[in-house]
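Note sheet for the following structure.
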Amino acid sequence: MNKKEKFTESHVIYSRILWDDALDKQHFWIGFIDRISASGIREKHLLDWNPDGDIPWHRVVYIRCKEVTVWDRKNRIDLFKDQKLPEFAWKQAETPFNTQIILQGDTQLSFEHRPCIGLIQNEWQEIPTLPPTLDVEKLVLLSWNVLKDTHNPELTYSNMRFPAIIKEIASSKADIIALQEVTRGFYQELLKQDWAKKYFISDLPTTEVFEEDTIIILSKFPFIVTEHLFSKHKRLLVAHFQTANTPFYVATVHLTSDMSNNSTQKRAQQMQVFFDWFNTVQGDALILGDFNADVDEQTKLLAGKGFIDAWTDKDGYTYNPEVNPLANILSPTKRVRRLDALHLKSQQWQTKQAELFATKPFAELAGKPFFCSDHFGLLVGIERNTSQILPNYFAQAQPTYHSALVWIPPQMENIQEIRALHDSKYERWLPHITLIYGFISEALFEEAAVLIAEAVADLQSFEIELQSVQFFEHRQSFTAWLQPDTKAIHQLQILQARLQKLFPTCDEQSNKPNGFTPHLSLGQFDSLENLQKIIPLWKPLKTQVSEIVLQSREKDTPFSIRYKVVLGQKKFTKVTPTWQMPIEIFMPPLTLQDKQNREIVLEIIQQACLDAIPQTVQVEQMGSAYLGIVTPQSDIDIICIIPKDVERVFFLSKLQEILSLFATSVRLVEDAQVPILKLVINGVAIDILVAQSPIFPVVFSLPALLRQQSKFDTLSWQILSGILEATYILKTIQEVISIEQFRLYVRVVRAWAKARGLVGNGWGYLGSYSWTILVINALLAYLKHEKPLSLENFMTFFFKMYAQHDWKEVVALTQVGKAYKASTKRDKMPIITNIEPCFNSARNVTRSTFKRIKAELNRAHSITKKPANESSWESLLDKIEIINKPNHIYFEIRIKTNDLPILTQSIGWLEGNIISLFVELEQDESLTLEFLPTVEYHEFQALFKVWIVAEHPDLQLINSILQNFANKFDIPQAKLSIDLHKNFAS
């Protein structure tokens, strides 16, 4: 587009899309500047956009149609004016499963997008919904040309080979399987296997591609299929997965062999089709399969495309006539070759191992070893590498001018004396040399600090001398700055270039006309004469560049240092305000060892589920783990989804039997309203619930699953609602702020609640879910005020909001939740769930705990009314160790046993029943109970203490209630006693 032409404004493009009936509005999204988004950019669907709303049109930066940007302000893209809208912009593309047309020269290439296929109610059917996020850290992939049965059948004995091939594939336990030369008969036999029925597949065996041999993909995870036909029976096949950060594409090919004329040219054309398509999408990709090309040719085919060969050893021959008689029979040249390969292009995955597969004969024939195929397979493991691989959100992060990456001199007194008089930005910035500005959002600083520390690990600290005053001349003013010595300039340029590679979109410094010029600004002057007056004031300063700083600011506030990265030490530190330090005590993050331990526990449980019954079992986490807010003390809450015809207690009994081999404690609670298996493995407490399902897999897409609600029994739906609740929470949050910010705010609020003794649903306080709902509700209310979002601002708002809240009004996120009718007697704090049937998540709050929660909210509000930099905030997270009420009575509940698992079971009983005791005691409205939701342990004893605050307590009635409660305790090998202390405390 000619840049001299008037560029069409965003509101005009919006109106065109909205009123042009030929355009498919479902595919258009509007990207706009948003200061609280992790990337600095947020998107809204075109149909959700309010042209008269709070977002001005000048903040719109692009409009996209699916993956294609059709209008871009910065890059002056306007496909409407250029008449180059993609085909799917028009109404013929009605679903995400459509046909994509791209141009290769004058040739139109067609790519079909369609759903994968899974086993639903014992029938292979299309999965109608978009697949969920692929949330795994490791993947194992298998590529294998299995040798079609129509190729020299009198020599290849496929009736013997195929069962052996199927057995080998099963043994690989690969997550994603790409097979070549697959025929209909082999494929039908493969899909009869129980293990294969747990996979999602690219094709049904009835499709016409199986009239000859073809390629297929099987995956443990659902995916979108993209297919391009090179000819009637040769094709490109791509599985599209969505990870948390970026799309991930797994493509497989079987390129033309040397048996054909012009085979080298045809292979190049076929690979070019893949590259042309891949250029229309964004994300990571790997391509695997039978390339029918030697290593040198493969290298040429992928040259300059950014793909890395997974195979690192010198040999790795997948086609070896010297070893494999089948290859010897079928190969005209008898050459040893590496025809099969996997090439990876990714910023979040890297290859961990690659090995040949099925390299041993499964039988002997005529005295010779007989192999499954003429090709050996290729088995490759890949893993996420967040520390060394550049995350996609950094590669594409939109810069914000509320953050910067700088060097700050350790000695700054003389600099500040000059700046205080002459620098208009004296209060906003500390003296610094800018390395990158604008920089990424503060929400991504921790991940960025890890990445930067890795990148500068080999760059040592160096000396710098700020030698002389120089100046930049502007149209009507001058800027004075300090120039470093020549050697330091060179080292700063090396450092800046290293950092620039990590954040390619944050390129303002390196795009200056003269490149990056290291300088430290001193001030602005209206004339050169006035500027020259400060030159004699400057005395050269020698110091060290030993660390760099990530800093950010909120609207109209100075920059604050958030992270420091040390050069040459692979080390960084977070600069934390004093009041925030206890957060790590009360809500510590998982260590690497904690994460690995939990992965092992989950693998044990998943394997136990496979061994418990022959049918499919879907294992899902719920609760804090689903939201990503976990501490080392957090339980793992698991839902096992089993077929409808399997009885849940029978399944739990089977699990109990298997897991007893691994667990230090295991207990099946059959008589509870919801049967549950409670166990401890490797020090991690686990609760397992069971839901029965008529459909597999259960895809936790809110609209789709809600339509299926009638197919589930009440209890199963109640259990599955736990995951749906978390799904709704994440969806709601992602529309307004980054997940990282949300998790931080929840961690801080929960840390405060733990410190003040306000967490414990079973004890009458609020559970983690209720606190999370309060955080989201406050966030949504806060963001309506269009204030800069920061932790301190939010905490101030949070405590003010709930200290002043009228608790006769429900707190709910959904309309159906807001319709909940709260009972004035039982619903002291109505914090309502999101999914029908809605209920009060804080229904256990009693009159006494309600009073104490309100008092703590008022205390926190009084503290946070003052700015966070005042010392009063340090008391916000002061821990309450004990509650002591002089001149009042108290009772102690004591449990004794000689068995630790029995003690744990007894505490569970107490936590499940104590509310009934509190409610009965509170029938006396003059009486208030005060306690912390903590149990003291003394060897094989547990002690729980409750103060009774009342002017004239009826001790006889109280004691009677206490003893009646104690008599209900019925756990063998344990004793529960309650003592009422009449002597007043001094």
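The table that follows gives values for the structure above.
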read-out: Criterion: over 28 Å from residue 774 (Cα atoms), outside any strand (DSSP E or B) and open to solvent by 60 Å² or more (accessible area, probe 1.4 Å) - qualifying residue of 884, 858; value: 884
read-out: Selection from the stretch 654-695 of residues that are over 20 Å from residue 634 (Cα atoms), charged (D, E, K, R) and at pLDDT 90 or above; value: 654, 657
read-out: Filter pass, residue 933 being open to solvent by less than 30 Å² (accessible area, probe 1.4 Å), part of a loop (DSSP other than H, G, I, E, B) and either closer than 16 Å to residue 764 by Cβ or out of contact with any Ser or Thr (no Cβ under 8 Å at 6 or more places or on another chain) (or both); value: yes
read-out: Members of the stretch 824-855 that are hydroxyl-bearing (Ser, Thr, Tyr), in a loop (DSSP other than H, G, I, E, B) and open to solvent by less than 50 Å² (accessible area, probe 1.4 Å); value: 833, 841, 846
read-out: Residue, farthest from residue 669 (Cα to Cα), within the stretch 598-650, restricted to residues that are in contact with a Pro (Cβ under 8 Å, 6 or more places away or on another chain) and among the polar types (S, T, N, Q); value: 631
read-out: Residue in the stretch 870-879 that is polar (S, T, N, Q), assigned to a helix (DSSP H, G or I) and open to solvent by 80 Å² or more (accessible area, probe 1.4 Å) present; value: yes
read-out: Qualifying residue in the stretch 458-481 (condition: among the aromatic types (Phe, Trp, Tyr), in a loop (DSSP other than H, G, I, E, B), surrounded by 14 or more Cβ atoms within 10 Å (Cβ to Cβ) and touching a residue at least 60 places away in the same chain (Cβ under 8 Å)); value: no
read-out: Leading residue by the ranking (modelled with the highest pLDDT) among those in the stretch 396-426 that are surrounded by fewer than 16 Cβ atoms within 10 Å (Cβ to Cβ) and over 27 Å from residue 541 (Cβ atoms); value: 401
read-out: Selected residue (criterion: nearest to residue 641 (Cα to Cα)) from residues of the stretch 116-143 that are modelled with pLDDT of 90 or more and open to solvent by less than 30 Å² (accessible area, probe 1.4 Å); value: 118
read-out: Among the candidates 762, 757, residue that is under 24 Å from residue 882 (Cβ atoms), surrounded by fewer than 18 Cβ atoms within 10 Å (Cβ to Cβ) and modelled with pLDDT of 90 or more; value: 762
read-out: Candidate set: the stretch 155-182, residues that are touching a helix residue (DSSP H, G or I) at 6+ places or on another chain (Cβ under 7 Å) and modelled with pLDDT under 95; chosen: the one least open to solvent (accessible area, probe 1.4 Å); value: 156
read-out: Residue list for the stretch 765-786, filter: open to solvent by 10 Å² or more (accessible area, probe 1.4 Å) and touching a residue at least 60 places away in the same chain (Cβ under 8 Å); value: 767, 768, 769, 783, 786
read-out: Residue match in the stretch 273-293 (condition: of a type in the set (S, T, N, Q), modelled with pLDDT of 90 or more, assigned by the TED database to the domain that holds residue 348 and surrounded by 23 or more Cβ atoms within 10 Å (Cβ to Cβ)); value: yes
read-out: Residue check for residue 781: within 25 Å of residue 33 (Cβ to Cβ) and in the same structural domain as residue 867 (by the TED database); value: yes
read-out: Conditions (1) part of a helix (DSSP H, G or I); (2) of a type outside the set (S, T, N, Q); (3) open to solvent by 50 Å² or more (accessible area, probe 1.4 Å); (4) within 30 Å of residue 682 (Cα to Cα); number of the one not met by residue 594; value: (3)
read-out: Matching residues, the stretch 78-99, being within 26 Å of residue 224 (Cβ to Cβ), open to solvent by 50 Å² or more (accessible area, probe 1.4 Å) and either of a type in the set (Val, Ile, Thr) or modelled with pLDDT of 80 or more (or both); value: 84, 87, 90, 95, 99
read-out: Unmet requirement for residue 448, which otherwise passes all of (1) within 36 Å of the chain's Cα centre (by Cα); (2) at pLDDT below 90; (3) open to solvent by 10 Å² or more (accessible area, probe 1.4 Å); value: (3)
read-out: Residue match in the stretch 400-413 (condition: part of a helix (DSSP H, G or I) and either over 25 Å from the mean Cα position of the chain (by Cα) or closer than 27 Å to residue 463 by Cα (or both)); value: yes
read-out: The stretch 798-812 - residue that is of a type in the set (A, V, I, L, M, F, W, C), touching a helix residue (DSSP H, G or I) at 6+ places or on another chain (Cβ under 6 Å) and touching a residue at least 40 places away in the same chain (Cβ under 8 Å) and, of those, nearest to residue 915 (Cα to Cα); value: 803
read-out: The one condition in (1) hydrophobic (A, V, I, L, M, F, W, C); (2) closer than 30 Å to residue 712 by Cβ; (3) not assigned by the TED database to the domain that holds residue 717 that residue 609 fails to fulfil; value: (3)
read-out: Residue count, the stretch 694-717 (criterion: in a helix (DSSP H, G or I) and either under 14 Å from residue 620 (Cβ atoms) or open to solvent by 30 Å² or more (accessible area, probe 1.4 Å) (or both)); value: 9
read-out: Strands (runs of 3 or more DSSP E) within the stretch 183-269 that include 2 or more residues touching a Gly at 6+ places or on another chain (Cβ under 6 Å), open to solvent by less than 10 Å² (accessible area, probe 1.4 Å) and not assigned by the TED database to the domain that holds residue 167; value: none
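The values are calculated or read from the model by the stated rules, or taken from the named source; none is laboratory data. Nothing here was measured: the structure is a model prediction, and the numbers come from that model. As a convention, Cβ positions derive from the backbone with ideal geometry for all residues, glycine included, and neighbour counts pool all protein chains shown. Areas reflect the complete protein model, heavy atoms only, side chains present, ligands, DNA and RNA absent. Shrake-Rupley method; radii C 1.70, N 1.55, O 1.52, S 1.80 Å.
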